[in-house]
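Asks: After the structure tokens below, expect a handful of questions from me.
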Amino acid sequence: MAMQAFDTPAASAGAQGAAVPAVTRGRAIVITSGKGGVGKTTTTANVGAALAAAGKRVVLVDADVGLRNLDIVLGLESRVKFHLLDVLEEKATLDEALVRDKRSENLYLLAAAQTREKEDVVTAQMKALIEELRDRFEFVLIDCPAGIEMGFRNAVAGAQHAVIVCTPEVSAVRDADRVVGLLPGDWRPELIVNRVRPQLVKRGKMLSVEDVNGILRLPLLGVIADEPGVIVATNRGVPLALDPISETGAAYRAIAAKLSGKDVPAPTVRVPGGGLFSKLGSIFGGRA
Amino acid sequence: MSGRRIVITSGKGGVGKTTTTANLGAALAKRGRKVVLVDTDIGLRNLDLVLGVEKRIVFDLVEVVEGRCQLRQALIRDKRFDSLSMLPAAQTREKEAVSEEAMTRVIDELAETADFVIIDCPAGIEHGFRAAIAGAREAIVVTTPEVSAIRDADRVVGKLVQAGIPLRLIVNRIRPEMVKNGDMMSVEDVCDVLQAELLGVVPDDEEVIETTNRGEPIVLDETKRLASIYDKIARRVEGEIVPFTNLDAPGIFGRLFTMFKAG
């Protein structure tokens, strides 16, 4: 029982709340892409872990109601007792629903409901919840579901900023371009190009970062290489951002530093040469 | 005549639904079947890119449903296979523009003249998913051997069972070396968790990225390893019993090896 009490998010969050002085309002950032499977959840977990490791107070919000996965990537799936909808429906307090990370005292997860529907979330309530989280955390990272339906609209509702995750594939670029068009017009979303394979780019078999951003034209936050280590880390529930040796881990830490306002260069993946696909131009008409 | 109506779904995005739809469709067409592929990912369509027909789109699914054109006007015939055509999704509309009933009507009409209607489902389990499965009589669930993809697939399997739609599984993007090192789940593990019958196993192949960017389904090139794998899957879909061949992972010193199912 003693162990259980120690593990409850309410107890740890309460202790944190007492120890840490109130912060100025945090920044709510939605991690989105349009296309699924490009790495939104992995990015959210890694950037969140890197921000927390740098001393920021961070909460990660899984907005993928019905298909949650952020808890798995963080290795917290067995500690989730309450979820976002429980909080919105006042079945649990925010303190009860926040799950503290196993490694970092600064990192919390608010899980999505797994057995409910995205349509159950009321946009205004979601917005109010994000506002409340901004009072308590320096960074609120919202892991957006794939697609552009209700779940997307709710995930974007409370945010002030967006990070677009895109892989070097024509389908992902097209979906990302569509999502940028659906975000509020005064936002300036930043781009992470994920899963770049330098060897394929070199041989002209994969779009380069320049190809991708030639279409999207967004400020580049960083480039992440495709490496098996990401899948391994995900399956083990340990974000690669905490690995001091991994280059990809270092890239996530650089992205976190940039989001914190530090003037550091966007991490890149070096490609000798680099090919341009003439096809992109035809898909995006005159814009390319 | 009433053709088979198969939805390709997954829950999680980016696991290969659209690639599977295009390649299974092309493999069936290559076998002489009349096939129509339907992109139901309204607002985020991509099947047209994978098939390389994006510049030939005139009408789309939503315009068909709203009665602004005939169904046959919206169908785009593939230039490589006469018996393969596709119905594109609308790009600038919402998923809600097509109700479950309207989708069922379109799929039923297509099935009157086709051997196979293959429905490319959007990611997620929202309205777009419900509409995509509404017209289907059977399902192929695509998953990758990752915990998150399997959990999402499990949610979708539950919903398909609830809807009374029989399903089979394609395990996509297997990397034998990673399975061998214990860094990736095996096909057996995946089938165990999902309690579903296996239809096919597709290894991770970087050629897919390139052929997708070029708009040419990989089954078109018979020299490609995946071409024969999609052909086997097509034969299994048609009811043939095709054994799973073994895919050897290169072992340490080339002596030790583990066998992996493929095909």
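Each value in this text was obtained by applying a stated rule to the coordinates, not by laboratory testing. Quick caveat: nothing in here was measured; it's all calculated off a predicted structure. All Cβ positions, even for glycine, are placed from backbone atoms using ideal geometry, and neighbour counts span all protein chains on display.
Asks: Expressed as cubic angstrom per residue, what is the convex hull volume of the alpha carbon set of the protein assembly as shown? Numbers along the way, then the final one.
Replies: On the way: hull volume 88.0 nm³, N = 551.
About 160 Å³ per residue, rounded to a whole number.
Asks: Against the globular-protein guess of 2.2 N^0.38 Å, express the Cα radius of gyration of segment A:51-176 as a ratio, rounded to two decimals.
Replies: Details: Rg = 14.3 Å, N = 126, 2.2 N^0.38 = 13.8 Å.
The reported ratio for this selection is 1.03.
Asks: Based on the alpha carbons, how large is the Rg to Rh ratio for chain A when Rh follows Kirkwood? If you can, show how the numbers build up before the last one.
Replies: Working: Rg = 18.7 Å, Rh = 19.2 Å.
Expressed as Rg/Rh, it is 0.97.
Asks: Can you tell me the Rg and Dmax of segment B:81-165, counting just the alpha carbons, in angstroms?
Replies: 13.9, 40
Asks: Moving on. In nm, give the distance between the simple-model label positions of B:Q195 and B:D221, each being 7 Å from the Cα along the Cα-to-Cβ direction.
Replies: Calculated label separation equals 4.2 nm.
Asks: Does segment B:115-177 come out rounded, prolate or oblate by the C-alpha gyration tensor, with a ≥ b ≥ c the root eigenvalues, rounded set by a/c under 1.5 and, if not, prolate when a/b is larger than b/c and oblate if not?
Replies: Numbers: a/c = 1.97, a/b = 1.54, b/c = 1.28.
It comes out prolate by the Cα gyration axes.
Asks: Same structure again: Average projected area of the Cα convex hull of segment A:180-219, in nm²? Show your work: numbers first, answer last.
Replies: Working: hull surface 12.7 nm².
For segment A:180-219, the mean projected area of the Cα convex hull comes to 3.2 nm².
Asks: Given labels modelled 7 Å from the Cα in the Cβ direction, how far is it in nm from A:Q199 to A:R217?
Replies: 3.6 nm
Asks: When the convex hull of the C-alpha atoms of segment A:154-195 is computed, what volume per residue in Å³ does it have?
Replies: Values: hull volume 3.0 nm³, N = 42.
So the per-residue hull volume is 71 Å³.
Asks: Angle between the Cα long axis of helix B:147-162 and the longest principal axis of chain B, 0 to 90 degrees, nearest 10?
Replies: 50 degrees
Asks: How high is the FRET efficiency between A:R25 and B:V242 when r is their beta carbon distance and R₀ equals 56 Å, given to the nearest 0.05?
Replies: Working: r = 60 Å, r/R0 = 1.08.
Computed FRET efficiency for A:R25 and B:V242: 0.40.
Asks: Let me test this: with uniform point scatterers at the alpha carbons of chain B, what is the Debye-based log₁₀ I(q)/I(0) at q = 0.08, 0.10 1/Å?
Replies: Cα-only, vacuum Debye calculation for chain B: -0.30, -0.46.
Asks: For segment A:67-121, what's the relative contact order in percent, using C-alpha pairs closer than 8 Å and at least 6 residues apart? Provide the component values of the computation, followed by the final result.
Replies: Numbers: 61 pairs, mean separation 21.0, N = 55.
It rounds to 38 percent for segment A:67-121.
Asks: Provide B:T9, B:T92, B:T144, A:T248 in ascending order of the number of other Cβ atoms located within 10 Å of each residue's Cβ, fewest first.
Replies: Values: B:T9 30, B:T92 10, B:T144 26, A:T248 20.
Ordered by Cβ neighbours within 10 Å, fewest first: B:T92, A:T248, B:T144, B:T9.
Asks: Let me have the 222 nm mean residue ellipticity of chain B computed from DSSP H runs of 4+ only, each contributing -39500 (n - 2.57), with the sum over all residues rounded to the nearest 500. Each step should come with its number before you reach the end.
Replies: Working: 11 runs with 98 residues, N = 263.
The helix-only estimate for chain B comes to -10500 deg cm²/dmol at 222 nm.
Asks: Residue by residue through segment B:167-178, which ³J(HN,Hα) values in whole Hz follow from phi under the Karplus form 6.51 cos²θ - 1.76 cosθ + 1.60 (θ = phi - 60°), with glycine and proline marked x?
Replies: Those phi angles translate into 9, 10, 10, 10, 8, 9, 6, 6, 10, x, 4, 5 Hz.
Asks: What distance in nm separates the two pseudo spin-label positions at A:T268 and B:R56, each 7 Å out from Cα along the beta-carbon direction?
Replies: Simple spin-label model gives 4.0 nm for this pair.
Asks: Sorted from largest down, give the three principal axis spans of the alpha carbons of segment A:36-84, whole angstrom values.
Replies: Extents along the principal axes, in whole Å: 31, 28, 17.
Asks: Just to check, using Stokes-Einstein with a Kirkwood Rh over alpha carbon pairs, what's the diffusion coefficient of segment A:23-121 at 10 °C and 1.306 mPa s in µm²/s?
Replies: Result for D is 114 µm²/s.
Asks: Residue by residue through segment B:96-107, what is 3J(HN,Hα) from phi via Karplus (6.51 cos²θ - 1.76 cosθ + 1.60, θ = phi - 60°)? Round to whole Hz and write x for glycine and proline.
Replies: Per residue, the Karplus-derived 3J(HN,Hα) values read 5, 5, 10, 7, 4, 5, 5, 4, 4, 4, 5, 5 Hz.
Asks: Is it possible to state the helix-based mean residue ellipticity at 222 nm for chain A, with each DSSP H run of 4+ residues giving -39500 (n - 2.57), the sum divided by total residues, to the nearest 500 deg cm²/dmol? What is it?
Replies: On the way: 14 runs with 120 residues, N = 288.
For chain A, the value works out to -11500 deg cm²/dmol.
Asks: In addition: Calculate how steeply helix B:17-30 sits against the longest principal axis of the alpha-carbon atoms of chain B, using the helix alpha-carbon long axis, and give the answer as 0 to 90 degrees to the nearest 10.
Replies: It is inclined by approximately 80 degrees.
Asks: Another one. Segment B:36-96: Rg/Rh from Cα coordinates, Kirkwood Rh?
Replies: Values: Rg = 10.8 Å, Rh = 11.5 Å.
Computed over Cα atoms, the ratio is 0.94.
Asks: Can you give the FRET efficiency for A:E90 and A:R236, using 1/(1 + (r/R0)^6), R0 = 35 Å, r = Cβ-Cβ distance, to the nearest 0.05?
Replies: On the way: r = 35 Å, r/R0 = 1.01.
That pair, A:E90 with A:R236, gives E of 0.50.
Asks: Per residue of B:146-156, what is the mean number of Cβ atoms on other protein chains within 10 angstrom of that residue's Cβ? Show your work: numbers first, answer last.
Replies: Numbers: counts 7, 9, 13, 3, 1, 7, 8, 1, 0, 5, 2.
Counting Cβ atoms of other protein chains within 10 Å of each residue's Cβ and averaging gives 5.
Asks: OK, next. Considering every Cα-Cα pair within segment B:15-162, what fraction, in whole percent, is farther apart than 24 Å? Could you put the intermediate results ahead of the total?
Replies: Working: 2908 of 10878 pairs.
Roughly 27 percent, rounded to a whole number.
Asks: Quick one: pull the percentage of alpha-carbon pairs in segment B:197-250 with a separation above 18 Å. Don't jump to the answer; show the numbers that get you there.
Replies: Working: 539 of 1431 pairs.
Looking at segment B:197-250, the distances longer than 18 Å represent 38 percent of pairs.
Asks: Could you give the alpha-carbon Rg of segment B:1-54 over 2.2 N^0.38 Å, rounded to two decimals? Don't skip to the end; give the middle numbers.
Replies: Values: Rg = 11.7 Å, N = 54, 2.2 N^0.38 = 10.0 Å.
For segment B:1-54, the normalised Cα radius of gyration comes out at 1.16.
Asks: Within segment A:206-229, which residues have the backbone N less than 17 Å from the label spot 7 Å out from A:W187 along Cα→beta-carbon, could you tell me?
Replies: The answer is A:216-222.
Asks: Could you tell me whether segment A:135-225 comes out rounded, prolate or oblate from its Cα gyration tensor? Rule is a ≥ b ≥ c as square roots of the eigenvalues, rounded for a/c under 1.5, then prolate if a/b exceeds b/c, otherwise oblate. Each step should come with its number before you reach the end.
Replies: Details: a/c = 2.21, a/b = 1.83, b/c = 1.21.
The shape class here is prolate.
Asks: Once you've got the GNM for chain B with C-alpha springs shorter than 10 Å, pick whichever of B:V193, B:V219, B:V50 has the biggest mean-square fluctuation.
Replies: B:V193
Asks: Can you give the log10 of the normalised intensity I(q)/I(0) at q = 0.18 Å⁻¹, computed with Debye over equal Cα scatterers of segment B:122-236?
Replies: -1.04
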